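Colleague: One structure, pasted below without further comment.
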Amino acid sequence: FFLIFLTPPPSEILYALGGTLSVVSSEVSNAMVSALGVPSTLSSEYGNPVIMITRPNGATISFAVDIACSGVYSLIGFLIFAAFIAFIIRDRPWKKLALGV
């Protein structure tokens, strides 16, 4: 079962999932910033969502959320860890002690 995690997912799936996660996280971040009263807009440059924050002097600061920043790679790592813990919890007590769980 763990050998499945050794093969990386196809890049098309990673880019699709990462793109969706980056859009969702940027929309949530933009909503939180706007709720705090900071003027901000959400736009898209080259397919990546960009949060544009307007400073009081009129200058803008842009924050791009790329696929690498979306959290897709962290989710894969957490999934591997959760599968490992689920596997260990169901095993014999002496094996749990041997692994230090």
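The values are calculated or read from the model by the stated rules, or taken from the named source; none is laboratory data. None of these values were measured; they are calculated from a predicted model. All Cβ positions, glycine included, derive from the backbone under ideal geometry; neighbour counts span all protein chains shown. The accessibility values were calculated without ligands, DNA or RNA, using every heavy atom of the protein model including side chains. Shrake-Rupley method; radii C 1.70, N 1.55, O 1.52, S 1.80 Å.
Colleague: Looking at the stretch 71-86 only, could you name the residues that are modelled with pLDDT under 80 and either open to solvent by less than 40 Å² (accessible area, probe 1.4 Å) or closer than 25 Å to Pro39 by Cβ (or both)?
Modeller: Passing the criteria: none in range.
Colleague: Separate question: If you take the residues of the stretch 1-30 that are surrounded by fewer than 16 Cβ atoms within 10 Å (Cβ to Cβ) and small (Gly, Ala, Ser), which of them is nearest to Ile51 (Cα to Cα)?
Modeller: Just the residues of the stretch 1-30 that are surrounded by fewer than 16 Cβ atoms within 10 Å (Cβ to Cβ), to begin with: 1-13, 15-16, 20, 24-25, 27-28.
Then drop every residue that is not small (Gly, Ala, Ser), which leaves 11, 16, 25.
On the way: Ser11: 26, Ala16: 20, Ser25: 11 Å.
It comes out as Ser25.
Colleague: Looking only at the stretch 61-69, decide whether some residue is at pLDDT below 90, surrounded by 13 or more Cβ atoms within 10 Å (Cβ to Cβ) and part of a helix (DSSP H, G or I).
Modeller: yes
Colleague: I want to confirm something. Restricting to the stretch 31-52 and keeping residues that are part of a strand (DSSP E or B) and polar (S, T, N, Q), which single residue is least open to solvent (accessible area, probe 1.4 Å)?
Modeller: Going through the qualifying residues, I end up with Ser40.
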